[in-house]
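Here's the structure we're looking at; comments come further down.
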Amino acid sequence: MSNSSLEQDLKTYQDLIAILQEHPTPTEAEILNILLARDRIQTKLTETYLIPDNILNTLQELDNILRKKQATIAPIIAKLRPNFNPDTKTLVVAT
């Protein structure tokens, strides 16, 4: 896995976190994009043997910003969760 791909995803995550900081009430789409960007980074981290310190430091800073917004984004995530993790007991399948 090339570091340039990881750096590109980190830049995307950084840009999305900047948008989050600018908006007191983020949209569902903004939160979803942030979480998807972070997930892509996590996948690449597991595929990368040596990760430069600057990438890890930046990632830690961005994750800390995201954690500080937890009270704001948690209700939005709770609202999105059923769309991505439906309750199979109540799921109706058309036959």
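We did not get these values from a lab; they are worked out from the coordinates using the rules stated. The structure displayed is predicted, hence computed values, not measured ones. In this analysis, Cβ positions are derived from the backbone assuming ideal geometry, glycine residues included, and neighbour counts consider all displayed protein chains.
Taken about its Cα centre, the chain carries a charge dipole of roughly 360 debye when the Cβ of each Lys and Arg holds +1 and the Cβ of each Asp and Glu holds -1.
What does the charge add up to near Thr12, with Lys and Arg as +1, Asp and Glu as -1, over the other residues with Cβ less than 14 Å from its Cβ?
Numbers: positive: Lys11, Arg38, Arg40, Lys44; negative: Glu7, Asp9, Asp15, Glu30, Asp39.
Around Thr12, the charge tally is -1.
Taking a Cβ cut-off of under 13 Å around Ile51, the surrounding Lys, Arg, Asp and Glu residues balance to a net charge of -3, with basic ones at +1 and acidic ones at -1.
Let me know the shape class of the range 12-66, please: from the alpha-carbon gyration tensor, a ≥ b ≥ c as square roots of the eigenvalues, rounded when a/c is under 1.5, otherwise prolate if a/b is greater than b/c, or oblate. Oblate. Here the chain is described by how far its Cα atoms reach on the three principal axes: 50, 34, 16 Å, from widest to narrowest. Segment Thr46..Leu80, full-extension length gain: 9.6 nm, with 0.36 nm per residue of separation and the alpha-carbon distance subtracted. Among the lysines of the chain, pairs at least eight places apart or on separate chains and with Cα atoms under 22 Å apart come to 6.
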